[in-house]
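First comes the structure, then the notes that go with it.
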Amino acid sequence: MSSNHARFEAVAGAIALGEASPSEHAIFSAHAQNCSRCAGLERAGPSVASFVHTALHEETWRPFVREAVISGIESLHVASGRRTALWICTAVCVTLFLNLVLAAHVGLPSKASTTSLARTSPRQNLVARMPQVRRHPPRAADLAVLRATQTRLKPALDVERERAFQRE
Amino acid sequence: MIGQVQVLGLDRTLDAQYRIERLVLEHQSRLARYLRRFVGDRDVALDLTQEVFLSAYRVLCADPARPLTAGWLYKVATNRAISYLRRRKRSPEVATPIEAAAPFRLDERSAISLDVQSALAGLGREQLACVLLTMYAGYSSQEAAAILSISPEAVRQRVCRAVRSMRRTLEVPA
Ligand SMILES: [Zn+2]
């Protein structure tokens, strides 16, 4: 019943908007004669539409939003520029942080700053990572043996060279 | 390559700005008046109109090939107006109610204009959208249906119910 009545309401709406065909007018007139809710709608619809239309034509307000829109567009650009700068700063900070974490994890001196990390060559890095050999001061006995070997070896080498020369 | 991208980006922005300026010049008055009838407040209508054009600008920056019609502008405007009215209903302090605070000011000399505004104030948001799109903005029920994403039947039914309510305020004889 109500969906059936909704159909008549749609026709009444079409009449108000001037979109109804003559046959729709006839169908609605027949319905409105027996329906208290729809009585008079056939004439009221176009009248209301004409009121609204008149109100439109009597508008005296001349709104201008061009300046507001342009300033809105400019502030959109400023906001997007700020967002980009923020992204770049965040990316730089994250990279620095990851560098430090990686350096600490690999075993580089933890107090090495990022600038010193950037300056050290791969070879220096490698040397820094090599296990340190413990160095002891040379003992007096070792030094005596070394000197004796050097003095013994030197004349022997000279004799060898002299013999080779004579052979030639 | 980066330079090319930047030039393309700048080109796109300038193109969007040019198209927006044309849209503003062409539609600002009708759209702002439509929104004023919708929300009943001139300043709110101006704010909403600006928002509609800024939305259009964002769309054009993202997709320059997209054709933006008046129907698209009215669709965005209607959605914004409906959200505004919904917000105002939830928290009345969002703005002063329409007719209470002399919204249609002294320059509005026409009695019909004032009567129509008070008749519109008695409508629900959906009926208001249908009446304003068809009777005020001049769209057919078919076009209004496309703007509101409902069926043309639904538009006509809402118009009929709105007429029932408005004819009492406008004292239209039966
Ligand atoms: Zn009926």
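Laboratory data are not the source of any read-out in this text; all were calculated from the coordinates shown. Since we're looking at a predicted model, the values are computed, not measured. Neighbour counts are summed over all protein chains in view; Cβ atoms, including those assigned to glycine, are modelled from backbone coordinates with ideal geometry.
Worth a mention:
- In this simple spin-label approximation, A:ALA79 and B:SER149 carry label points 7 Å from Cα along the Cα→Cβ vector, and these lie 2.2 nm apart.
- Partner chain coverage, peptide A:64-77 - average Cβ within 10 angstrom: 6
- In nm, spacing of pseudo-spin labels at A:HIS105 and A:ALA140 (7 Å Cα→C-beta vector): 5.5
- Per-residue average of Cβ from other chains inside 10 Å of B:140-146: 2
- Potential lengthening between A:GLU58 and A:ASN34 on full extension [0.36 nm per residue; Cα-Cα distance subtracted]: 4.9 nm
- Neighbouring Cβ atoms from other chains, within 10 Å of the Cβ of residues in A:37-47, number 4 on average.
- Point-to-point label distance, A:PHE97-B:ALA111, nm (Cα→Cβ direction, 7 Å offset): 7.1
- Sum of side-chain charges, A:GLY72 neighbourhood, beta-carbon under 13 Å (Lys, Arg +1; Asp, Glu -1): -3
- Kirkwood-Stokes translational diffusion coefficient of the range B:105-174, alpha-carbon pairs, 10 °C, 1.306 mPa s, µm²/s: 126
- Neighbours of B:SER141, meaning other residues whose beta-carbon lies under 15 angstrom from its beta-carbon, give a summed charge of -2 when Lys and Arg score +1 and Asp and Glu score -1.
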